[in-house]
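J.: Got a structure for you, questions after.
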Amino acid sequence: MTNIKKATIVRTVTLIFLLINQVLCAAGKNPLPFSEDAVYGFVSTLLTCAASLWAWWKNNSFTAPAIEADQYLKELKENERNV
């Protein structure tokens with residue numbers, strides 16, 4: 001069991017949790033003490049934060065000189081790999 005990756009364990013636990021949740025929902029139980037609106041709000045906020053961080057982290061070139069500089073950098077990196 002020492003060779004199992006952490007990601008595999010996380011996916012398996014998540015699947016089991018979601019399957020149990022689905023069975024309980026089908027039985028008319030609400031296993032999670034959250035309303036649909038609260039879950040929607042949380043997911044929406046989480047996705048907005050993730051998209052904001054991703055957009056902030058990435059190099060977003062809008063001007064022609066910036067786009068040209070990005071192309072130049074890409075060519076330099078490709079030439080460096082070929083050497």
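Since every read-out is calculated from the coordinates, none of them should be taken as a lab result. Quick caveat, the model's predicted, so the values are computed rather than measured. Cβ sites come from the backbone with ideal geometry, for glycine too, and all protein chains shown count toward neighbours.
J.: Out of curiosity, is Phe34 touching a Phe, Trp or Tyr at 6+ places or on another chain (Cβ under 9 Å) and part of a helix (DSSP H, G or I)?
T.: Values: touching a Phe, Trp or Tyr at 6+ places or on another chain (Cβ under 9 Å): yes; part of a helix (DSSP H, G or I): no.
Taking the combined requirement at face value, the residue does not satisfy it.
Conditions tested, residue by residue: (1) surrounded by 10 or more Cβ atoms within 10 Å (Cβ to Cβ); (2) touching a residue at least 24 places away in the same chain (Cβ under 8 Å); (3) over 30 Å from Asn21 (Cβ atoms).
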residue	(1), (2), (3)
Asp37	no, no, no
Gly41	yes, no, no
Thr45	yes, no, no
Ala50	yes, no, no
Leu53	yes, no, no
Trp57	no, no, yes
Ala64	no, no, yes
Leu73	yes, no, yes
Asn82	no, no, yes
